[in-house]
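Here the structure comes first, spelled out in C-alpha cells, and everything after it is commentary.
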Protein chains: 4
Amino acid sequence: MGKGRLEAFSDGVIAIIITIMVLELKVPHVADWAALQPLIPVFLSYLLSFIYVGIYWNNHHHMLHAVTRVDGRILWANLHLLFWLSLIPFVTGWVGENHVASVPVALYGVVLLMCGLAYKLLALALVAHHGKDSSLALALGKDRKGLVSVAAYALAIPLSMLHAWIGVAFYVGVAVLWFIPDRRIESRLAP
Amino acid sequence: MGKGRLEAFSDGVIAIIITIMVLELKVPHVADWAALQPLIPVFLSYLLSFIYVGIYWNNHHHMLHAVTRVDGRILWANLHLLFWLSLIPFVTGWVGENHVASVPVALYGVVLLMCGLAYKLLALALVAHHGKDSSLALALGKDRKGLVSVAAYALAIPLSMLHAWIGVAFYVGVAVLWFIPDRRIESRLAP
Amino acid sequence: MGKGRLEAFSDGVIAIIITIMVLELKVPHVADWAALQPLIPVFLSYLLSFIYVGIYWNNHHHMLHAVTRVDGRILWANLHLLFWLSLIPFVTGWVGENHVASVPVALYGVVLLMCGLAYKLLALALVAHHGKDSSLALALGKDRKGLVSVAAYALAIPLSMLHAWIGVAFYVGVAVLWFIPDRRIESRLAP
Amino acid sequence: MGKGRLEAFSDGVIAIIITIMVLELKVPHVADWAALQPLIPVFLSYLLSFIYVGIYWNNHHHMLHAVTRVDGRILWANLHLLFWLSLIPFVTGWVGENHVASVPVALYGVVLLMCGLAYKLLALALVAHHGKDSSLALALGKDRKGLVSVAAYALAIPLSMLHAWIGVAFYVGVAVLWFIPDRRIESRLAP
C-alpha cells in the first residue's frame, strides 16, 4: 500500500493543529497597546507550540521520505501520534491562559512525552515493516536525539512542579536540539 | 474520472472532523489538577470518537485503494458518508458535556448507525460501478463486520435509554472489532 | 502552469467550509430529546448548505477535470469563488439561529447568487484560456443550468422578503436541479 | 528531497488561515438588515485579509513552481512564513472589532511587514539552494515589488498612529500592486 494518503492525511491534521492554536489568541475588545499585554504569555506559548508542531512535521516529513510502503499497523501508529499532537493546542491554551503556572506546564510536558513516545513507536513500526537492514533503519540509526528528548520531558514534568519556568527551560532546550533538521537521513538520501 | 481528488477531499474533511473535536476540551481557567477532573468524560468521549473517525479513515483508505475510477453517484455517496461523519463532533461534545447521559449516548449511536449505513451505501455504489466480479467486489466480500456493527448500533440505541453505559459498552466493542484493519483487502491486494 | 495545487488548495478550503458549518450546532447543556428541538432549523440549514457546498465541489471537480493549464487570472477567479463560498457558513448560521426569518433567507440568496456568478466567471476565464473550440468549452456548453440557477436566486431574494419559505423553496429547487451531476462533461470525457 | 509535501502542507495551512477568518463574522441574534451594520468593518477587514492571504498563496505557488528541490533550511523558512501568516486572522479580527482604530491597524502593518520579510527570507533560502544562476534566481530577479511593499508597511505603521485610515490606504495600495500576478516568473517559465 502506498504512503501518499498517509502523508496527505497527516499533513492535513498537522496543518489544522498548528493553525487552530492561534484561536487561543482572543481578539481584545479594547484598541490600545496595553490590551495586548495579557496576551504575551498566550503568544509565547503559541510560538513554542508552533515550533514543536513544526519540528514534528519536519521530522515526520524526513522519516516518511525514506518509507516505501505502509501497512495497517503503521496507519494506527501514525494516528496514535496524531492523537497526542492534537492535544498540544489544549495544553498550549492552558499554559498561556494561566500565565505559565506549574500544573499546566507539567501537563504540557506529559503531552510532549506522549508525542515523543508515539513518534518512537511509529519509527519502530516502520523499521519492523522495512527490515533492520533497510536504508530507513540505517538512516534512523540509534536516534539519540529522540532518547534525550524523552528523558528531558520525563525530568521536566516533576521539575515543573517545583517551578514552572524550569519546565519551560527544558522544553525550549529540547526544541533547540531538534530545530536542526535530521542530517543523518538527509545525508543518506542525498543523491 | 480519477479518484485522486475524491481521496484528497475526503482526507481534508476527515482531518478537520478529527481535529475540531479537540476544541470541546475547553481550557480551564484554574491552574490545578482538580480543574481537569470535569474534563475526563469530555476527554474519554474525544478518545472514542478519535478512534471511530480513525477507523473510518483507515477503512476508507483501504476501500478506495482498490478503486480504479469514480462517477457522480460515488462522489455523492462519499459526500453522504462525510455528512454523517461531520456530526460526530456534535454528538461527542454532547456526550462529554453531560457526563455520559442516556439521550446523548443514544444519539451518538444514531449517528454511528447512519455512518455505518452510509459507508455500506458507498461500498455498494463502488461495487455497482466496478462490477460484481471486480477485485474490489471480491475484496469487500460479504462484509460481516459491517453488518455486525450496524446491528450493534441499532441494538445500542434503545439499550442506551435503559442505561447509558450499556450503549458505551457496545460502541467500545464495535471499535475493538474494527480496530484490526481489514485483512481481506490487504491480503488480496498484496503484490 | 499545472492545475494540481489549484485543486489541492480549493479542496482544502471547501473541506474547511463544509466542516466548520457544523460548529453552529452548539452542544446543548441539557441531556434530553427536547434540547434538540431548537437545533432543528440549525440542522436543516446545515443540511441544505452541506448539499450546496457539495454541489460546488462536485461541479468544480468536473470542470477542473477538463482543464489542462491555469494562469494568474484563473487563480484569482478561483479565489473569488472561494471567497463567496466562505460566506456560506455565516449566512447558514444566521438562517438557522433565527428559525428561517425573511432577511437571513434573502441574504442567503445573495451569497448563493454571488457564488453562482463567481462560478460563471471562473468558467469564462477557463474557456478564454483554453479557447472557444477546446474540449472544455464544448463540454461546458451553454450552461443552461447555471443561468436558470442565477435567475432563480435573483428571483428568490425579493420573494424571501414576502415570505421566508418561498426563498427556501427556490433554494431547495435549485439544489435538486444540480444534484444530478453534469452528464455533459462526464459523457464527453468518458473514454 | 521533493517539494510535494512542502506545497501540500503550505496549502493546508493557508487554506485554514483564509477560512477561519470568517469565524470573526459572528452570527447576529437579530434577523433584520440593521443587524448587519456593525459587521461592515469586520467584513471589510476580512475582505482585505482574504485578498492578502490570496496574494501570498498565489506568489507562493509561483515561486515554488520554479523550485526543484528543498532542504531543512527551506522547510523552516517556509514554516516561519506560515507563522506570521497565521497571525493575520488575529489582527484582522482586532481591526474589525474596533471599527478600524489606530493601534490595531498599526499592528496589522507589523504582521504584514513580518510576512513580507519572511517571504523574502524564503526566497533567499531558495536562491541559496538553487544557485545564483538558476532559472529560479533569474525569475525572481531584483523583486522590486517586494522591496516597495516592505517599505510601505514600515511607513504605514507609524502613519497609522496619526490616522488609522492612512495605514489602511497603504495596505490597499500594496494589495493592488500585488494583485497583478508576477509576470516575470510566468513569462520565463512559459513553454
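The table that follows gives values for the structure above.
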{"read-out": "Simple Cβ-charge dipole of the protein assembly as shown, Lys/Arg +1 and Asp/Glu -1, about Cα centre, in debye nearest 20", "value": "2100 debye"}
{"read-out": "Inter-site label distance for B:ALA137 and D:HIS29 at 7 Å from Cα along Cβ, in nm", "value": "5.8 nm"}
{"read-out": "Accessible area per residue, Å², chain D with all protein chains present, probe 1.4 Å", "value": "39 Å²"}
{"read-out": "Cα pair distances in the range A:4-189, grouped into 5 Å bins until the bin that holds the longest one, percent each", "value": "1, 8, 16, 19, 19, 14, 10, 7, 4, 2, 1, 0, 0"}
{"read-out": "Peptide B:164-170, shielding by other chains (average Cβ, 10 Å cutoff)", "value": "0"}
{"read-out": "Space enclosed by the convex hull of the alpha-carbon atoms of the range A:47-93, per residue, Å³", "value": "48 Å³"}
{"read-out": "Potential lengthening between C:ARG69 and C:TRP165 on full extension [0.36 nm per residue; Cα-Cα distance subtracted]", "value": "30.3 nm"}
{"read-out": "Cα-centred dipole magnitude for the range A:4-189, charges only on beta-carbon of K, R (+1) and D, E (-1), debye, nearest 20", "value": "600 debye"}
{"read-out": "Backbone HN-Hα couplings from phi across the range B:135-147 [Karplus 6.51/-1.76/1.60, Hz, Gly and Pro as x]", "value": "5, 4, 4, 5, 5, 5, x, 7, 6, 4, 4, x, 5"}
{"read-out": "Environment charge at C:ILE88 (Cβ cut-off 15 Å; Lys +1, Arg +1, Asp -1, Glu -1)", "value": "-2"}
{"read-out": "Most to least accessible of B:ARG69, A:ARG144 (protein chains only, probe 1.4 Å)", "value": "A:ARG144, B:ARG69"}
{"read-out": "For D:SER135, inter-copy label distances in nm, listed shortest first [label point 7 Å out on the Cα-Cβ vector]", "value": "2.6, 2.6, 3.7"}
{"read-out": "Between C and B, accessible area buried - total, square angstrom, nearest 100, 1.4 angstrom probe", "value": "3100 Å²"}
{"read-out": "Equivalent ellipsoid dimensions for the protein assembly as shown as semi-axes, Å, which come from the Cα gyration tensor, largest first", "value": "34, 34, 30"}
{"read-out": "Relative contact order (%) - criterion: Cα under 8 Å, at least six apart; region: chain C", "value": "25 percent"}
{"read-out": "Separation between Cα centres of the range A:136-176 and the range A:1-59, rounded to whole Å", "value": "20 Å"}
{"read-out": "Largest-first ordering by accessible area, 1.4 Å probe, given options D:ASP11, A:ASP32", "value": "A:ASP32, D:ASP11"}
{"read-out": "Using a Förster distance of 25 Å, the FRET efficiency for C:LEU124-D:LYS145 (Cβ separation, nearest 0.05)", "value": "0.35"}
{"read-out": "Accessible surface of A:LEU124 - all protein chains present, 1.4 Å probe, nearest 10 Å²", "value": "110 Å²"}
{"read-out": "Solvent-accessible area of A:CYS115 with every protein chain in place, 1.4 Å probe, in Å² to the nearest 10", "value": "0 Å²"}
{"read-out": "Accessible area (Å², 1.4 Å probe, nearest 10) - D:TRP84", "value": "40 Å²"}
{"read-out": "The range D:97-182: Cα Rg divided by the 2.2 N^0.38 Å rule of thumb", "value": "1.27"}
{"read-out": "Set of lysines near A:LYS26 by C-alpha distance (under 23 Å), chain-local residues within fewer than 8 positions excluded", "value": "B:LYS26, C:LYS26, D:LYS26"}
{"read-out": "Total charge dipole magnitude, the range D:86-172, about the Cα centre, Cβ charges on Lys, Arg, Asp, Glu only, Debye to nearest 20", "value": "260 debye"}
{"read-out": "Where only alpha carbons of the range A:1-88 are counted, the Rg and the Dmax (Å)", "value": "16.9, 55"}
{"read-out": "Binned Cα-Cα distances of the range A:58-132, short to long, each 5 Å bin given as a whole percent", "value": "3, 16, 22, 19, 13, 10, 8, 5, 3, 0"}
{"read-out": "Accessible-area ranking of D:MET161, C:MET63, largest first, probe 1.4 Å", "value": "D:MET161, C:MET63"}
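The values are calculated or read from the model by the stated rules, or taken from the named source; none is laboratory data. Model, not experiment: these values are computed from the prediction. All Cβ positions, glycine included, derive from the backbone under ideal geometry; neighbour counts span all protein chains shown. Ligands, DNA and RNA are stripped out before the accessible areas are found, and what is left, the full protein with its side chains, is counted by its heavy atoms. Shrake-Rupley method; radii C 1.70, N 1.55, O 1.52, S 1.80 Å.
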